[in-house]
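Colleague: Sending over a structure as structure tokens; questions will come in a sec.
The values are calculated or read from the model by the stated rules, or taken from the named source; none is laboratory data. Everything numeric in this text was worked out from a predicted model, so none of it was measured. All Cβ positions, even for glycine, are placed from backbone atoms using ideal geometry, and neighbour counts span all protein chains on display.
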Amino acid sequence: MPEPVAVVSHETELPPAVAAVVDSRPRARRMIAPLATLAGSAVALGYLAAFDPSEPGHYPLCPTQYLLGVDCPGCGMLRGSHALLEGDLPRALDHNVLLVVLVPLAVVLWARWAWHAWRGVTPAVSARAWRVRTTVTVVAFVLLLAFGVIRNLVPYLGSGIG
């Protein structure tokens, strides 16, 4: 299988740090992973739409809730997803407000991935873009951690120690 190669535009004399990565595989091969992810997500959402997570017996217990008695940042996402699939946004927000932020983000990131796979060209990451991505990742992690702590200290769906 041929490896992706870096291409530098000779017209503008761009340094290699901003060169694009070209994937020489056929488009059908490049699209397998994004389409398999989409199909798997559709199956999972179909199951979630068919079986309510509020009813016992279809889903495992949350390990954090079971072992520690507190809610993790993801607790309520299954019930919230089920509510979104039923078109009930207020109930989804009540189960886990973070879900309503993460679903559009996941759709955008998947679409970006599929677009790059379709085109076969992935822009290289500059040092500045790498710093921005790292900063965003750290800030997102801190916010996720803060959300997990706050939801257990403020009365929120009967959570943990609050």
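Colleague: Say whether the condition of being out of contact with any Gly (no Cβ under 9 Å at 6 or more places or on another chain), surrounded by 19 or more Cβ atoms within 10 Å (Cβ to Cβ), modelled with pLDDT under 90 and part of a loop (DSSP other than H, G, I, E, B) is met by at least one residue in the stretch 78-101.
Modeller: no
Colleague: Okay, next question. Farther than 26 Å from Val142 by Cα, of a type outside the set (Phe, Trp, Tyr) and in contact with a Lys or Arg (Cβ under 7 Å, 6 or more places away or on another chain): is that true of Ala114 in this structure?
Modeller: Working: farther than 26 Å from Val142 by Cα: yes; of a type outside the set (Phe, Trp, Tyr): yes; in contact with a Lys or Arg (Cβ under 7 Å, 6 or more places away or on another chain): no.
It is false that Ala114 is farther than 26 Å from Val142 by Cα, of a type outside the set (Phe, Trp, Tyr) and in contact with a Lys or Arg (Cβ under 7 Å, 6 or more places away or on another chain).
Colleague: Please pick out the residue among Pro53, Pro2, Pro60 that is part of a loop (DSSP other than H, G, I, E, B) and modelled with pLDDT under 85. First the steps, then the outcome.
Modeller: Details: Pro53 fails: modelled with pLDDT under 85; Pro60 fails: modelled with pLDDT under 85.
Among Pro53, Pro2, Pro60, only Pro2 is part of a loop (DSSP other than H, G, I, E, B) and modelled with pLDDT under 85.
Colleague: Which pairs turn up if I take residues in the stretch 106-126 that are under 24 Å from Leu45 (Cβ atoms) and look for partners that are exposed (fewer than 12 other Cβ atoms within 10 Å of the Cβ) with beta carbon separation below 7 Å, at least 6 apart in sequence or on another chain?
Modeller: Trp118/Arg27
Colleague: Of a type in the set (A, V, I, L, M), under 21 Å from the mean Cα position of the chain (by Cα) and within 14 Å of Phe147 (Cα to Cα): does that describe Val101?
Modeller: On the way: of a type in the set (A, V, I, L, M): yes; under 21 Å from the mean Cα position of the chain (by Cα): yes; within 14 Å of Phe147 (Cα to Cα): yes.
Here the answer is yes, as Val101 does meet what is asked.
Colleague: Next up: In the stretch 145-152, is there at least one residue being farther than 30 Å from Arg30 by Cβ, of a type in the set (S, T, N, Q) and either modelled with pLDDT of 90 or more or part of a helix (DSSP H, G or I) (or both)? Steps first, please.
Modeller: Keep residues of the stretch 145-152 that are farther than 30 Å from Arg30 by Cβ, which gives 145-152.
Imposing the further condition that a residue be of a type in the set (S, T, N, Q) reduces the set to 152.
Next, from what is left, pick out any that are either modelled with pLDDT of 90 or more or part of a helix (DSSP H, G or I) (or both): 152.
Within the stretch 145-152 (the criterion being farther than 30 Å from Arg30 by Cβ, of a type in the set (S, T, N, Q) and either modelled with pLDDT of 90 or more or part of a helix (DSSP H, G or I) (or both)), the answer is yes, since at least one residue qualifies.
Colleague: Ok, one more. Restricting to the stretch 122-145, name every residue that is touching a strand residue (DSSP E or B) at 6+ places or on another chain (Cβ under 7 Å) and surrounded by 14 or more Cβ atoms within 10 Å (Cβ to Cβ).
Modeller: The answer is Thr122, Ala124.
Colleague: Related question: Just one of the numbered conditions (1) under 23 Å from Val142 (Cα atoms); (2) in contact with a strand residue (DSSP E or B) (Cβ under 6 Å, 6 or more places away or on another chain); (3) of a type in the set (A, V, I, L, M, F, W, C) is not true of Leu68; which one?
Modeller: (2)
Colleague: Can you say whether Val139 is over 23 Å from Leu45 (Cβ atoms) and part of a loop (DSSP other than H, G, I, E, B), as far as the supplied structure shows?
Modeller: Values: over 23 Å from Leu45 (Cβ atoms): yes; part of a loop (DSSP other than H, G, I, E, B): no.
So Val139 does not fit the description; no.
Colleague: For Leu102, only one of the following conditions fails: (1) out of contact with any Leu (no Cβ under 9 Å at 6 or more places or on another chain); (2) more than 28 Å from Leu35 (Cβ to Cβ); (3) of a type outside the set (S, T, N, Q). What is its number?
Modeller: (2)
Colleague: Looking only at the stretch 63-74, which residues are surrounded by 10 or more Cβ atoms within 10 Å (Cβ to Cβ) and out of contact with any Leu (no Cβ under 9 Å at 6 or more places or on another chain)? Even if it seems obvious, please write down each step before you answer.
Modeller: Of all residues in the stretch 63-74, those surrounded by 10 or more Cβ atoms within 10 Å (Cβ to Cβ) come to 64-65, 68-74.
Scanning the stretch 63-74 gives Thr64, Gln65, Leu68, Gly69, Val70, Cys72.
Colleague: Hey, any hits in the stretch 11-27 for a residue that's at pLDDT 85 or above, surrounded by 14 or more Cβ atoms within 10 Å (Cβ to Cβ) and in a helix (DSSP H, G or I)?
Modeller: Looking for residues that are at pLDDT 85 or above, surrounded by 14 or more Cβ atoms within 10 Å (Cβ to Cβ) and in a helix (DSSP H, G or I), one finds none in the stretch 11-27, hence no.
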